[in-house]
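Chemist: Pasting in a structure now, in structure tokens, and then I'll have a few things to ask.
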Amino acid sequence: MTQHTPFCRNAALSATALLSSVATLVCCVLPAVLVALGAGATLAGIVTAVPQLVWLSTPKPLVFGIAGTLLVESGLSLWQARILPYPVHRQLASSCRMLRRLSWSLYGVAIVCFALGATFAFVIPI
């Protein structure tokens with residue numbers, strides 16, 4: 001039987017938050033950057049090859065709402081886990097330290113992706 005520790009859960013939450021934040025980049029930043037660089041034909045080719053991108057970019061508030069909720073949940077979980085003690089075994093303690101750093105790093109990247117996506121989706125078009 002596998003044991004699910006708070007550290008594994010935190011890493012999974014951070015990875016999920018990162019994935020949803022990358023979705024905001026795909027729906028909002030990618031098209032804007034390609035058009036700004038004069039690569040509208042490339043964007044048309046990408047949308048033709050992967051029409052699901054249009055599905056993702058249509059409900060922007062929903063995409064950002066889900067991503068924001070996951071980011072808040074992940075952040076709260078990481079914040080609560082910061083005071084949990086490390087295991088006594090040296091190797092397990094080292095693994096826990098590494099997982100905590102990884103979780104915080106993933107969370108930081110997710111925040112940056114979310115902010116960049118929100119800027120391109122809601123601030124720049126105004």
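Chemist: Tell me which residues, restricted to segment 17-55, are farther than 18 Å from LEU116 by Cβ and of a type in the set (Ser, Thr, Tyr).
Modeler: Of everything in segment 17-55, those that are farther than 18 Å from LEU116 by Cβ and of a type in the set (Ser, Thr, Tyr) turn out to be THR42, THR48.
Chemist: Does segment 1-32 hold any residues that are at pLDDT 80 or above and surrounded by fewer than 16 Cβ atoms within 10 Å (Cβ to Cβ), and which are they?
Modeler: LEU19
Chemist: Sticking with this structure for a sec: Name the single residue that is surrounded by the fewest Cβ atoms within 10 Å (Cβ to Cβ) among those in segment 75-122 being under 19 Å from the mean Cα position of the chain (by Cα) and among the charged types (D, E, K, R).
Modeler: Only one residue fits best here, namely ARG101.
Chemist: Against the condition without any contact (Cβ under 8 Å) to a residue 24 or more places away in the chain, loosely packed, with under 13 Cβ neighbours inside 10 Å and either closer than 23 Å to CYS28 by Cα or not aromatic (Phe, Trp, Tyr) (or both), how does VAL47 come out, does it pass?
Modeler: For VAL47, the condition - without any contact (Cβ under 8 Å) to a residue 24 or more places away in the chain, loosely packed, with under 13 Cβ neighbours inside 10 Å and either closer than 23 Å to CYS28 by Cα or not aromatic (Phe, Trp, Tyr) (or both) - is not met.
Chemist: Among the helices (runs of 4 or more DSSP H) lying completely within segment 25-126, list those that include at least 3 residues that are over 20 Å from LEU13 (Cα atoms). Quick ask: steps written out before the conclusion?
Modeler: On the way: elements: 30-36, 40-49, 52-57, 60-81, 90-118.
In segment 25-126, 30-36, 40-49, 52-57, 90-118 are the helices (runs of 4 or more DSSP H) which contain 3 or more residues that are over 20 Å from LEU13 (Cα atoms).
Chemist: For segment 54-66, indicate whether the set of residues that are buried (at least 16 other Cβ atoms within 10 Å of the Cβ) and of a type in the set (Lys, Arg) is non-empty.
Modeler: Yes: one or more hits.
The values are calculated or read from the model by the stated rules, or taken from the named source; none is laboratory data. Keep in mind that this is a model prediction, so the values were computed, not measured. Backbone-built Cβ (ideal geometry, glycine too); neighbour counts: all protein chains shown.
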